[in-house]
1. Please report Rg (one decimal) and Dmax (integer) in Å for the Cα set of segment B:75-149.
2. Length gain on complete extension for the stretch residue B:35 to residue B:72, per 0.36 nm per residue less the alpha carbon to alpha carbon distance?
3. What whole number of Å gives the distance from the Cα centroid of segment A:179-222 to the Cα centroid of segment B:135-200?
4. Report, largest value first, the span of the C-alpha coordinates of segment B:48-92 along each principal axis, in whole Å.
5. Quick one: if you stick a label point 7 Å off each Cα along the C-beta vector at residue A:245 and residue A:34, how many nm between them?
6. Over all distinct Cα pairs, what is the inverse of the mean 1/r for segment A:57-186, reported as the Kirkwood hydrodynamic radius in Å?
7. Among all the lysines, which ones have a C-alpha under 22 Å from residue A:77's C-alpha, if same-chain residues fewer than 8 places away are not counted?
8. Starting from one equal scatterer on each C-alpha and no solvent at all, send me the Debye-based log10 I(q)/I(0) for segment B:132-265 at q = 0.19, 0.22 Å⁻¹, two decimals.
Amino acid sequence: MKFVAITAVAWLVAVPLFAQGRGAGPTPSTPPQAAKMAAPVDLTGYWVSVITEDWRWRMVMPPKGDYQSVPITADAKRVADAWDPVRDESIGEQCRAYGAAGIMRLPTRLRVSWLDDNTLKVETDAGMQTRLLHFGSWKRDGRPTWQGDSIATWELPRRPGGADNAAEEAQPKFGSLKVVTTNMRPGYLRKNGVPYSAKTELTEYWDLYRGRNGEQWLVVSTAVEDTAYLQVPWLTSPNFRKEPDGSKWDPTPCAARR
Amino acid sequence: MGSDAVRGAKVMPMKTSVLTLVTALCFSAPALAQIDLAGHWAVRQHEDWAARGPGPEVVDYLGLPITDEARERALAYSTSALSIPERQCLYYPPHYNALGPFGLEIWADIDPNSGRVVAWNIGGFIDKAINTIWMDDRPHPGPNALRTFSGFATGRWEGNTLVAYMTHYKEGFLRRNGVPTSDQTTMTMYITRHGDMLTMLEVIEDPVYLTEPFLVSRNWQLDPTANMTRVSAPCVPEAELPELKGEGTVPHYLPGKNPFVGEMTKLYGLPVEAVLGGAETMYPEYRKKMLEPYQPPKSCTRYCCGWGGAPGRTAPNLECITGGTGRVNER
């Protein structure tokens, strides 16, 4: 009897470990909860880039041939050395630095909103781009674009005090947004033509942090993987600060030369 | 036999149940740690490589929300001051966990009775003290308590993020070209693990030298072969420069006499008012302000290499121009 009791207690503690994903989650007969309703954090609103890192490569146009901090391949160097912004503009390719693998490091504001219950819309005023982050069973639509196809999921933490999943709570308070983006048009990691290829896979973790004085910070931990132009995944983490409103929202079209 | 059989019948379930319990608790160990941060984390200098590796330009305060007092103090600073024996063994402050070029070893201190994590520690590696993050709700010391190189930090879990609040550390550098932080500085660290990637956000606040919080975030990757050391090697000060052996000599620049103020304008075409920093330089509006005065150099002539890791880790045939001191990984 004692054995049975101890075993039961032990497995009550341990078994939820194996309930990955959304924990107990919905029963098979229950439709999955919409991403908007399941959101552990509220990412909507206006965010502004805080450019305290890589300033010379983000805030102003870096010189041609400056690939500092990027683990590029020799092929990437050849492409970067041939960078010609005038040509880019003349052939309508002035948005190459504004694709999904580059846009988040540009000085910009983000306007984040729900397009529908399973699509988070991220607009940038720099380059006037729109990223659509699709939850659920969305299927890619074929043609490569600057912003590619983004599949999003909520990553929820285990609950303190037990090997359990926070999804079992009525509304989890913490969690990350994971976004995997593929099917992008070839573009630039930096405005001076450091390239990424059509093979690129972009993985992002969007984490919302609350400051001691009520500020909200957004950090997007980012891994850019590109077997053509990067020796190893390029890891960065652009930072954003929440703004109270859109009064500083300033849409500006793509520019290749400045 | 009979009694043995009976004893055996009683013992076996107990052994089994203990084994089951131990197994179950082993699997459920993250309950105590929320998510395991322990291990050796190799740095990925994919942001700010030059500032973290070779070092920042002498007068480069771009993107720093500094006060006028901080700027004046930074302009008076000469890196040669580190050559005087009294300063050779000064550690970097705790915010160099992210600002520096270091990998991290992170480990937990476990209460042997309860098995609970009492503290998380971030190793010192080079020229930095171990930072201990207490997880047992102990209070921070009073406002006049001793400042140390390691500071005092308490932590809590917010989901899978370890949030640590650090106070009571000595004054140091926000950027190692002399931009200061005071002993009133506090720092909130947000340490988040996603698989084998670790991200640390530091929010640094200083009522003396910053007009608003300074943010920096960095990435590391789990690497059991990284072999980070927990403690810095012992430092033995030595008067290396004959001119600094005399008492009372502290290299410095008098107000208005720093000869490097215009260096970034010469090297990179950046206006001096940008180079001298301030909160305004952190935000996108400043980019628009820079469009007119900024003229980018026609080509890169200094530290152009892709990823400034060890030679051999840059792209083949990729030059890393060090600006007058030679070339690394030459063609």
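Values quoted throughout were computed directly from the atomic coordinates according to the rules given, and no laboratory measurement underlies them. The structure displayed is predicted, hence computed values, not measured ones. Reconstructed Cβ throughout: ideal geometry from the backbone, glycine too, with neighbour counts over all protein chains shown.
1. Rg then Dmax for segment B:75-149, in Å: 16.2, 53.
2. Extra length available between residue B:35 and residue B:72 comes to 9.0 nm.
3. Going from one Cα centre to the other spans 26 Å.
4. 31, 27, 16
5. Each label point lies 7 Å from its Cα, and together they span 2.8 nm.
6. The answer is 17.5 Å.
7. A:64, A:191, A:199, B:298
8. These q points yield log10 I(q)/I(0) values of -1.28, -1.40.
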